[in-house]
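Okay, structure first, notes after.
The values are calculated or read from the model by the stated rules, or taken from the named source; none is laboratory data. As the structure is a prediction and not an experimental result, all values here were calculated from the model. Here the Cβ is made from the backbone with ideal geometry for all residues, glycine too, and neighbour counts use every protein chain on show.
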Amino acid sequence: MVSAMLSSTLKISISFSSSSNTRNFVSSYRRKRLTTTSVTVRASSTEKGEANDEDAPAFNPFGFVTDNPSSRSAIQLPETPAEDGNVGQMLYRTEDKGKEYGSYVKSGRLRWFVRETGTAGSRRGTVVFLHGAPTQSYSYRVVMSQLADLGFHCFAPDWIGFGFSDKPQAGYGFDYTEKEFHEAFDKLLGVLEVNTPFFLVVQGFLVGSYGLTWALNNSSKISKLAILNSPVTVSSPIPGLFQKLRIPLYGEFTSQNAIIAERFIEAGSPYVLKNEKADVYRLPYLSSSGPGFALLEAARKADFKGILGEISAGFASGRWDKPVLVAWGLSDKYLPQSVAEEFQKGNSDHIKINLIEGAGHMPQEDWPEKVVDALRVFF
């Protein structure tokens, strides 16, 4: 009897203590939430030339999930259920963003999302922009707009499996191999009625590399090639993301991270994405599992070392005779400047380097004006 009474008393005491602690925690959280929001906004609005040295938020309940400054305002605990921060609300807020200059184009069984600026009669010719993984053609929006003003006709598709283009399940019409990416791109160019030769701009890893191997196989269709921060030598480092994706089970988990694209962009750049930009890069991965599994399939089926060897040898002196511009963001945290220099030494007669200060792995996003200047002179 005495033992039962003591146990009952202890349970009541613990329950009361937990209730008090909970009330104190909630009260403290509500007081700190205001300061957390203001710090998040400042951290996510870092601009060119502006250091990001703000203190971390006083309270970040999801600190164990992400250290991305741009993501802190996307994942928050609301004061009332479903007020903000939930998936449905985030999708509703962002579903119409990021489709500047774009429309859907059917090519065979696949539907591409393609951005277009200028007109077919543009006097200076056609430019096709290819993005890398795990991003999308949205990164070229400013560059495309400004080049159209200069008289160019521009196209920038989202690769199949990325951005707003179709993301078929592997094994059902598209298996995310290099050969299939090449064939699908060939068909798209035909549908878009891109007259050859045209100017090609390529940036990034994986599908970006497939843009370069496509160029090697179709040199007669290209008049000039511009490469923005891409792995182009066998010594090019492979980011940890693509290594993680190749690990069984862990890769599946990694591919379903809704902020995978913005985290990759910020990790390779000296700047933090503004929230409205992060929303667009986040949206495809947030709206379905398709983009993550497409990225997973592409990463696992890519022969990274073989592709880099093919690119390095294919653009070497004596094998490539078209003009190549390497416009390189100097603050790239994935690929050092030495990669661009090594690539240029392999064919110095046809490959020129333009170093872009203040830009990182995606110079078209970090400093599009400088990229436009480099392309304008080159083209």
### Summary
When the range 323-364 is checked residue by residue, the ones that are among the aromatic types (F, W, Y) and touching an Asp or Glu at 6+ places or on another chain (Cβ under 6 Å) are none
### Message
Being surrounded by fewer than 24 Cβ atoms within 10 Å (Cβ to Cβ), assigned to a helix (DSSP H, G or I) and at pLDDT 95 or above is the filter here; which residues of the range 265-276 pass it?
### Response
A267
### Query
Of all residues in the range 302-342, which are farther than 22 Å from F378 by Cα, surrounded by fewer than 17 Cβ atoms within 10 Å (Cβ to Cβ) and among the charged types (D, E, K, R)?
D303, K305, K333
### Task
Please determine, by comparing only the residues of the range 177-224 that are of a type in the set (K, R) and surrounded by fewer than 17 Cβ atoms within 10 Å (Cβ to Cβ), which one is farthest from R300 (Cα to Cα).
K187
### Task
Can you confirm whether the range 147-166 contains a residue that is of a type in the set (S, T, N, Q), modelled with pLDDT of 95 or more and over 21 Å from the mean Cα position of the chain (by Cα)?
no
#### Entry: Members of the range 235-264 that are surrounded by 16 or more Cβ atoms within 10 Å (Cβ to Cβ), over 26 Å from V371 (Cβ atoms) and of a type in the set (A, V, I, L, M, F, W, C)
L245, A258
### Query
For S288, which of the numbered conditions (1) at pLDDT below 95; (2) crowded, with 17+ Cβ neighbours inside 10 Å fails to hold?
(2)
### Task
Give me the pairs, please: first residue somewhere in the range 347-358 and modelled with pLDDT of 95 or more, second residue anywhere and among the basic types (K, R) and outside any strand (DSSP E or B), beta-carbon distance under 7 Å, and either six or more positions apart or on two chains.
H350/K322; I356/K370; G358/K48
